[in-house]
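The values are calculated or read from the model by the stated rules, or taken from the named source; none is laboratory data. All figures in this text were calculated on a predicted structure; none of them were measured in a lab. We place every Cβ from the backbone using ideal geometry, glycine too, and count neighbours over all the protein chains shown.
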Amino acid sequence: MNIVVCIKQILDPEIPARDFRVDSVKCEAERGSANLVTNIFCENALETALQFREAQGGKITAISCGPEGAEDVLRKALALKADDAVLVLNEAPNADPLFVAKTLAAGIRKIGPFDAVLVGREAGDWGAGQTGGLLAEELQVPCISFAENLQPSAASGAVKVKRQTDSGWELLESATPLVITITNHEKNVPRIPKTRDVMQSYRKPLVKWTLAELGIDPSTANSYYRVAELFIPRKETQCEFISGDTLEAKIDAFAHRVTDCMRSM
Amino acid sequence: MSDPQLATREVLWNISHVWLMYALLVPTVATAAYGIYRRVQVWRRGQAENRFDRPLERIGLVLKYALLQLRTWRKLYPGSLHAMIFWGFIVLTVATTVVMIEYDFGIPIMHGYFYLYFQSFITDVFGALAMIGVGMAGARRWIVRPTQLVYTGEASGILVAIFAILSSGFLIEGWRIAATNDPWGAWSPFGNLVAAASRPLMSVEAMKTAHLATWWTHLLLAFGFIAWAPYTKMAHVITSTLNIYTSRLAPIGATLRKIDFEKAEKLGINSLAGFTWKDLLDFDACTECGRCTAVCPANLVGKVLSPRDIILDLRKLSRVPRGDFAQSYVGTTQALSIEAMWECTTCGACVEACPVSIEQMPKIVDTRRYLVMEDAQLPETMQQALVSVETRGHPFRGTVFSRVDWTAGLNVSTMADALDAEVLLWVGCGGALVERNQKVVRSLAQLLEKAGVKFAILGREEKCTGDPARRIGNEFLFEQLAQENIATLNRYQVKKIVTSCPHCFNTFRNEYPQFGGRYEVYHHSEYLAKLVGEGKLSARTPSDKKVTFHDPCYLGRHNGVYAAPRQLVQISTRAEPIEMEQSRSNSFCCGGGGGMSFIDEPPNQRVNQERARQILATDADVVAVGCPFCMTMLEDGINARRGDRDTKVMDVAELLWQAVEHASSSGGRGDRAENTKPEI
């Protein structure tokens, strides 16, 4: 089975809260002292693919859409023994999910036939959680979301996918090819690479394609949506004393004040 | 009485067929030589390593630790019994050589006062001392039975053999004195006792017969022992001396080897093939005394780690005839189990305790290197700490602090802003990112400021020195961090570094030179003691609290710094610190080294709680520390053990700042960091 795993590089979501700043003009998070890391759900997706390959065989191709520096997350995937890696170079920092989905779809088509595309359920930076679904749409294949694992099916050309729901889990069987968005689970905790494989990952080939090579117009990076305003929410507390002559009058005034507040929300 | 100038005795009295002795010597020497040759062949299979530089220092070590037995003496009972046997045998060997010179070389030296004082009296007394030593060893091995010893038939056999050789020696001496009516018999007091006891019981003829039989028995025992020794732990007579000669000359903190990642076929070690000849010699040098395991903090709290058994199990593997050196030893025995490898705090107590300079701890780290780098197999929480070091430059995942939060309200500049800074204050991850330790670095910064030191920090440019990565076994990550940090330090042309973390201190002092980073490095206790000595700081209001001092392993044992922190306690309290039952080079680890502070130990096997017991036993008000890891480990340990007692853990810098600060006008502003709670 050919599995493609989409991997996104994001700003480390675990930096101390007080170190986190946003640029309200550019509407993006400031890099500051934070490092760039692999999105955790993408790591879960890669782990799921690695486990499937260990049990069933097949080939894993890692793909990322991002700037030159995103090579790092693909090198990590190679260190974990992904077979191939492709970087689609895109310098636009806040490309919207539709643009990313179109770009990834073009890249995946160029890679060749696939059976399953695994993506993280959402990214730890914007948390939009849309790329997977939109990617399935672009590739015109079914999509299963919030999956925790991937199993072979007795039927050929099909897989079984266990997905989490609000009330429990579902086990679905689907024809391939398909897109699966992966969530975290105790069974897909990302492994760490062996140092020897890390060293060798730098010697492995890594394909880079430009947007132009894929026929994608970079000016459409924010045609689906753009961020209008970006700020860190402030917790504000206001203190107000309710006045009244008697306790009942105070309670009455309090109740009115609360209902006023609720109406204005 | 005749003239003492003429005193001597007849060599080989009562013995005929002397040629038989020489004939027996041939197989004896051949067997012994073959035993040694077999060991040498094993060492030759090891990797190369240069341990023959600086010969004068090495000879000095042999004199100190082999001849004078300074480390063996640290334990009085076994130390004295061993010294008696050891020195007894040295003297007896010299005496036998004197006989050889007299008889075989025909040089008459066994005469006169030399014969009386040395050949008779001293030899006799030392022979008796060796007998007493053997008796004490027997009492220990068969009656007291301490757990640290290894109970083998071989070990018992050695004691019995030595006893038999010595006692037969006294018997033949006694019968010769009695039968020949030796006028100089009294110069051999113990032999003379045998003579006196035999005279009323035996005829001269009977004594001559007994002498003849016992003489040959004595000879056969001695030759047999010589032939057998190289195949037993008695080989230590040679191997331990060699091991002491080739021991590490650098401090324990500089003991880990660099890996050449370009050339290494395997990262870390999991089979005998990975060890150097010196490692293989280590195995053969072991005398099975068990002192390493007896001082191992992990072993003491009930974990499986036993440095002695690691060495002995590896030795056993190295002695398998035509053994496969490429076969993995990991997990083959309990001592070599993966579990044991992840229990070591790298405190170095085993290395320090070994009387014959075996390096146990580095072998554990070598094995960890294999597990981490070739097998990606390590405890999950350690793994998380390393991932954090890799991505964020510090091991404290989830910290709410940045590297500069602790400076709030203080006048601390970064190297980027203070180009005239003479001293880099290396804060360390433990100092900057763990709330309790922020108070320590605040105290230290204020002391430096008060003393007028031009210092600066790296701030956000500071990264983990790599100590936890190296000790956990990720040498690759350590090397990356070392190179990055050295580049940063060199960019600012840093010459002098002061740090309150002994782990960072050790890394700068002993490990970065391997990568070309050479700096003048001070632990803050050394630097503060220097400032006090220069009159730049004075303690005007010393505390009246009773203080004990906990030696951090990476400051004390690993680097030999014991005096400076005690001096600070003395200055801050006007009293010497109370010493715990284990202190200085014999100090007991807090449990946090070697990446162990990133592991959740089983509740009934916590090293820090055992140390807390020792602290509480001193009845001190404060335990002074000099390490951010000791700080958190001991606070946890004491909180678990103290009951309703109020015992505090304080860094030596905090103690000094309290004593200095109260006299000045800047009091009060030192605690502002406590008010800056994280805004989430």
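Of all residues in region B:550-588, those that are within 20 Å of B:D619 (Cβ to Cβ) and among the β-branched types (V, I, T) total 3. Consider region B:238-280 and keep the residues that are part of a loop (DSSP other than H, G, I, E, B), hydrophobic (A, V, I, L, M, F, W, C) and in contact (Cβ under 8 Å) with a residue 60 or more places away in the chain. The one that is farthest from B:G153 (Cα to Cα) is B:F261.
Inside region B:370-384, residues that are under 9 Å from B:G473 (Cα atoms) and more than 9 Å from chain A (Cβ to nearest Cβ) make up a count of 2. Here the condition is being touching a Leu at 6+ places or on another chain (Cβ under 9 Å) and among the aliphatic types (A, V, I, L, M); of A:A55, A:A34, A:A17, it holds for A:A34 alone.
Is it fair to say B:E359 is charged (D, E, K, R), touching a residue at least 40 places away in the same chain (Cβ under 8 Å), outside the structural domain of B:T152 (by TED's automatic domain parsing) and not in a helix (DSSP H, G or I)? Yes, satisfied.
Return a yes/no flag: does region B:307-323 have any residue that is assigned to a loop (DSSP other than H, G, I, E, B), touching a residue at least 12 places away in the same chain (Cβ under 8 Å) and hydroxyl-bearing (S, T, Y). No: region B:307-323 contains no residue that is assigned to a loop (DSSP other than H, G, I, E, B), touching a residue at least 12 places away in the same chain (Cβ under 8 Å) and hydroxyl-bearing (S, T, Y). The single condition among (1) touching a residue at least 60 places away in the same chain (Cβ under 8 Å); (2) of a type in the set (S, T, N, Q); (3) touching a helix residue (DSSP H, G or I) at 6+ places or on another chain (Cβ under 7 Å) that B:Q514 does not satisfy is (3). Please find, within region B:572-591, the residue that is surrounded by the most Cβ atoms within 10 Å (Cβ to Cβ) out of those that are of a type in the set (S, T, N, Q) and more than 18 Å from B:G348 (Cα to Cα). This residue is B:S572. On the stretch given as region B:167-217, residues that are part of a loop (DSSP other than H, G, I, E, B), among the polar types (S, T, N, Q) and in contact (Cβ under 8 Å) with a residue 40 or more places away in the chain total 1.
Selection of region B:305-326 for residues being out of contact with any helix residue (DSSP H, G or I) (no Cβ under 6 Å at 6 or more places or on another chain), surrounded by fewer than 14 Cβ atoms within 10 Å (Cβ to Cβ) and closer than 13 Å to B:S271 by Cβ yields B:V320, B:D324. The number of residues in region A:103-129 that are of a type in the set (G, A, S), part of a loop (DSSP other than H, G, I, E, B) and under 16 Å from the mean Cα position of the chain (by Cα) comes to 5. Just one residue in the set B:L447, B:L489, B:L481 is more than 26 Å from B:A529 (Cα to Cα) and either acidic (D, E) or in contact (Cβ under 8 Å) with a residue 60 or more places away in the chain (or both); that residue is B:L481.
Of the residues making up region A:130-152, those that are touching a residue at least 40 places away in the same chain (Cβ under 8 Å) and within 15 Å of A:D96 (Cα to Cα) number 4.
Restricting to region A:210-242, name every residue that is touching a helix residue (DSSP H, G or I) at 6+ places or on another chain (Cβ under 7 Å) and either farther than 29 Å from A:C65 by Cα or of a type in the set (A, V, I, L, M) (or both). Of everything in region A:210-242, those that are touching a helix residue (DSSP H, G or I) at 6+ places or on another chain (Cβ under 7 Å) and either farther than 29 Å from A:C65 by Cα or of a type in the set (A, V, I, L, M) (or both) turn out to be A:L211, A:L214, A:I216, A:A221, A:I242.
Residue pairs whose Cβ atoms lie under 8 Å apart, sitting 6 or more positions apart in sequence or on different chains, and linking a residue in region B:26-47 that is on the phi > 0 side of the Ramachandran plot to a partner that is hydrophobic (A, V, I, L, M, F, W, C), do not occur here. Pairs linking a residue in region B:226-237 that is crowded, with 19+ Cβ neighbours inside 10 Å to a residue that is of a type in the set (D, E) and in a helix (DSSP H, G or I), with Cβ atoms under 7 Å and 6 or more positions apart or on different chains, are B:K233/B:E154; B:A235/B:D284.
Residues that are surrounded by 12 or more Cβ atoms within 10 Å (Cβ to Cβ) and of a type in the set (V, I, T) within region B:1-27 comprise B:T8, B:V11, B:I15, listed in sequence order. For region B:385-429, a tally of residues being surrounded by 18 or more Cβ atoms within 10 Å (Cβ to Cβ), of a type in the set (S, T, Y) and more than 13 Å from every other protein chain (Cβ to nearest Cβ) returns 1. Within region B:459-479, the set of residues being more than 10 Å from chain A (Cβ to nearest Cβ) and polar (S, T, N, Q) comprises just one member, B:T465. If you check A:P190, A:P233 for being exposed (fewer than 13 other Cβ atoms within 10 Å of the Cβ), closer than 26 Å to A:A17 by Cα and within 13 Å of chain B (Cβ to nearest Cβ), only one passes: A:P233.
If you scan region B:353-365, which residues turn out to be in contact with a helix residue (DSSP H, G or I) (Cβ under 7 Å, 6 or more places away or on another chain) and of a type outside the set (S, T, Y)? The answer is B:A353, B:C354, B:P355, B:V356, B:I358, B:E359, B:Q360, B:M361, B:K363, B:I364, B:V365. Identify the residue in region A:1-42 that is of a type in the set (K, R) and modelled with pLDDT under 95 and, among all such residues, is farthest from B:V389 (Cα to Cα). That would be A:K26.
Here B:H82, B:H17 are screened, and the one residue that is outside any loop (DSSP other than H, G, I, E, B) and over 22 Å from B:R248 (Cβ atoms) is B:H82.
With the condition kept exactly as written, say whether any residue in region A:62-71 is surrounded by 23 or more Cβ atoms within 10 Å (Cβ to Cβ), more than 30 Å from B:D375 (Cβ to Cβ) and either within 16 Å of the chain's Cα centre (by Cα) or not assigned by TED's automatic domain parsing to the domain that holds A:N188 (or both). The answer is yes; a qualifying residue exists. Close Cβ contacts (under 6 Å, 6 or more residues apart or on different chains) running from residues in region B:1-25 that are farther than 15 Å from B:M100 by Cα to residues that are of a type in the set (K, R) and surrounded by 11 or more Cβ atoms within 10 Å (Cβ to Cβ) comprise B:N14/B:K208. Can we say A:R203 is assigned to a loop (DSSP other than H, G, I, E, B), within 14 Å of chain B (Cβ to nearest Cβ) and not acidic (D, E)? So A:R203 fits the description; yes. Residues that are surrounded by fewer than 20 Cβ atoms within 10 Å (Cβ to Cβ), away from chain B (no Cβ under 13 Å) and in contact (Cβ under 8 Å) with a residue 24 or more places away in the chain occur at least once in region A:27-47. Taking the residues in region A:1-26 that are more than 14 Å from every other protein chain (Cβ to nearest Cβ) and surrounded by 16 or more Cβ atoms within 10 Å (Cβ to Cβ) as candidates, determine which candidate is nearest to A:E229 (Cα to Cα). Within region A:1-26, the match that is nearest to A:E229 (Cα to Cα) is A:K8. Residues of region A:80-102 that are touching an Asp or Glu at 6+ places or on another chain (Cβ under 9 Å), assigned to a helix (DSSP H, G or I) and buried (at least 21 other Cβ atoms within 10 Å of the Cβ): A:A101, A:K102.
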